[in-house]
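*Asks:* Supplied in structure tokens, the structure appears directly below.
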Amino acid sequence: MTRPLRIGYMPLTDAGLLFVAAAKGFDHEEGLVFDLRPETSWANLRDKLALGIYDAAHMLAPVVIASTLGLEGFAAPMIGAVALGLDGNAISVAPPLADCMREKAKGDFADPAVTARALAAVVAERRNKVLPNLRFAHVFPYSTHHYQLKLWMRLGGVDLEGVRMTVTPPPLMGESLRGGFVNGFCVGEPWNSLARDAGEAEILHPCRALTPDCPEKVLAFRADAAGQEKELPRAAARAVRRAALWGESPENKKEFCFLVAEGLGGGVTPAMVATVLGRDGRSAPWLRLDADSTALSGMQALWLYVLIAANRQSPVSEEFAGRAREAFWPQDGAPPAPSAPAFFDGPFAEADWRDVLAALSEPQRGDPTESAF
């Protein structure tokens, strides 16, 4: 007998392990039926999980921490049962802005520091000419996209008073760029590639260049439900990991990409998926969906707490750090430690979390366009 599991997800390539687990029957073999339901925004997904409309959700990893700590005005404790991959975001800008930045760039345009300094020069020039501020979109206030966008801008000393940030659901990024509502964005795949292929965007940098091995999405459950029935999230985690293991086999890689593209629809091709995963034989991976990338640990939750606190969205305390660590259930060994090479040396170590927080923290002036604690 199998048990249905209502899982909400956003149409992103890093939902791919859920598609593959369902298509190949790994959910059934673990006693579950993945009932996958697409959503339109991260806020909808968070709220429907918190209200019990969904049993589980493909969730932004920082949202699990923020909801557990009650940073959004109310506490809705969640747990992460398994990672749904590592990395996967990229920063893209409209072609006219890319052209302006290229004119200002001094150095290799593939270097994030070079493009960030070029952006800073564009922003300064626009201020001198009293032109409207540039607008950049990310997907949610508590998201790695938000933090990666700001870290990139800090590399070049961009004056944040000359930039506005806005939240836009991933499927609307290309349309927002096309309509002139934003000049650039940070989003996960396939939305960068689709915008580029439509001639609407130039992909500047996969965010792996800024924060390699960054936890990105997890399969989240309400903490109270997971505590009452611990085998349920563990069975779901096993199904996800089995999908990743199956996809690693050379004879399955082509079908793996096909299943992920089929699950996404909307013009996404298996070749597009293969490129982002580095399985086309030519590209470096932006996104990892291999079995090792499904491992989860308290260290990753602490890293995300540090990013949240560095953005001044949380008080800083040992209590909050401890509660954040407990939000991720350890799963399948030790995942790689994330890092931010431009800001501190070596991989993130739990014992150094306060030093890393200091290195990543925004200047006190902050960004007046964002709400902050």
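The values are calculated or read from the model by the stated rules, or taken from the named source; none is laboratory data. Nothing here was measured: the structure is a model prediction, and the numbers come from that model. Please note: Cβ atoms are built from the backbone with ideal geometry, for glycine as well, and neighbour counts cover all protein chains shown. Just the protein is used for accessible areas: all its heavy atoms, side chains included, with ligands, DNA and RNA removed. Shrake-Rupley method; radii C 1.70, N 1.55, O 1.52, S 1.80 Å.
*Asks:* Please verify whether L259 is open to solvent by less than 10 Å² (accessible area, probe 1.4 Å), assigned to a helix (DSSP H, G or I) and either in contact with a Lys or Arg (Cβ under 6 Å, 6 or more places away or on another chain) or of a type outside the set (D, E) (or both), treating the condition exactly as stated.
*Replies:* no
*Asks:* Let me ask something additional. Return the residues of the range 157-188 that are open to solvent by less than 10 Å² (accessible area, probe 1.4 Å) and under 14 Å from the mean Cα position of the chain (by Cα); say none if nothing qualifies.
*Replies:* P170, F185, C186, V187, G188
*Asks:* Is there any pair with a first residue in the range 165-177 that is in contact (Cβ under 8 Å) with a residue 60 or more places away in the chain and a second that is in a strand (DSSP E or B) and surrounded by fewer than 21 Cβ atoms within 10 Å (Cβ to Cβ) whose Cβ atoms are under 9 Å apart and which are 6 or more apart or on different chains, and what are they?
*Replies:* As it stands, the answer is M165/R135, since those pairs meet every condition given.
*Asks:* Same structure, new question: Name every residue in the range 307-330 that is part of a helix (DSSP H, G or I) and either of a type in the set (V, I, T) or touching a residue at least 12 places away in the same chain (Cβ under 8 Å) (or both), in order of residue number.
*Replies:* Once the filter is applied, which keeps residues that are part of a helix (DSSP H, G or I) and either of a type in the set (V, I, T) or touching a residue at least 12 places away in the same chain (Cβ under 8 Å) (or both), the range 307-330 yields L307, I308, A309, A310, F320, A321, R323, A324, R325, E326.
*Asks:* Next up: Restricting to the range 333-368, count the residues that are closer than 22 Å to Y142 by Cα, at pLDDT below 95, of a type outside the set (K, R) and loosely packed, with under 15 Cβ neighbours inside 10 Å.
*Replies:* 4
*Asks:* Which of the residues spanning the range 112-122 are open to solvent by less than 20 Å² (accessible area, probe 1.4 Å) and more than 15 Å from L149 (Cα to Cα)?
*Replies:* Across the range 112-122, the qualifying residue is only V122.
*Asks:* Confirm whether G52 is open to solvent by 20 Å² or more (accessible area, probe 1.4 Å) and over 17 Å from R234 (Cβ atoms).
*Replies:* Yes; evaluated as a whole, the condition is true for this residue.
*Asks:* Which of the numbered conditions does L289 fail, given that it passes all the others? Conditions: (1) closer than 29 Å to W191 by Cβ; (2) of a type outside the set (K, R); (3) open to solvent by 60 Å² or more (accessible area, probe 1.4 Å); (4) in contact (Cβ under 8 Å) with a residue 24 or more places away in the chain.
*Replies:* (3)
*Asks:* Hey, another quick one. Please specify each residue of the range 23-74 satisfying the condition of being closer than 22 Å to S297 by Cα and part of a strand (DSSP E or B).
*Replies:* The answer is A56, A57, H58, M59, L60.
*Asks:* Quick check: is even one residue across the range 103-124 part of a helix (DSSP H, G or I), of a type in the set (S, T, N, Q) and free of Cβ contacts under 8 Å to residues at least 60 places away in the same chain?
*Replies:* No, every residue in the range 103-124 fails to be part of a helix (DSSP H, G or I), of a type in the set (S, T, N, Q) and free of Cβ contacts under 8 Å to residues at least 60 places away in the same chain.
*Asks:* Residues that are of a type in the set (D, E, K, R) and closer than 26 Å to D332 by Cβ: list the helices (runs of 4 or more DSSP H) wholly contained in the range 138-254 that include at least 2 such residues.
*Replies:* Per the criteria, 231-248.
*Asks:* Let me ask another. Which of the residues spanning the range 283-306 are part of a strand (DSSP E or B) and aliphatic (A, V, I, L, M)?
*Replies:* L287, L296
*Asks:* Can I ask one more? Taking the range 125-137, which residues are outside any loop (DSSP other than H, G, I, E, B), over 23 Å from A310 (Cβ atoms) and not charged (D, E, K, R)?
*Replies:* N128
*Asks:* Filter the range 1-21 for residues that are free of Cβ contacts under 8 Å to residues at least 60 places away in the same chain and open to solvent by 20 Å² or more (accessible area, probe 1.4 Å) and give the result.
*Replies:* Within the range 1-21, M1, T2, P4, R6, Y9 qualify.
*Asks:* I would also like to ask the following. Being assigned to a helix (DSSP H, G or I), open to solvent by less than 10 Å² (accessible area, probe 1.4 Å) and modelled with pLDDT of 95 or more, is that true of even one residue in the range 75-93?
*Replies:* no
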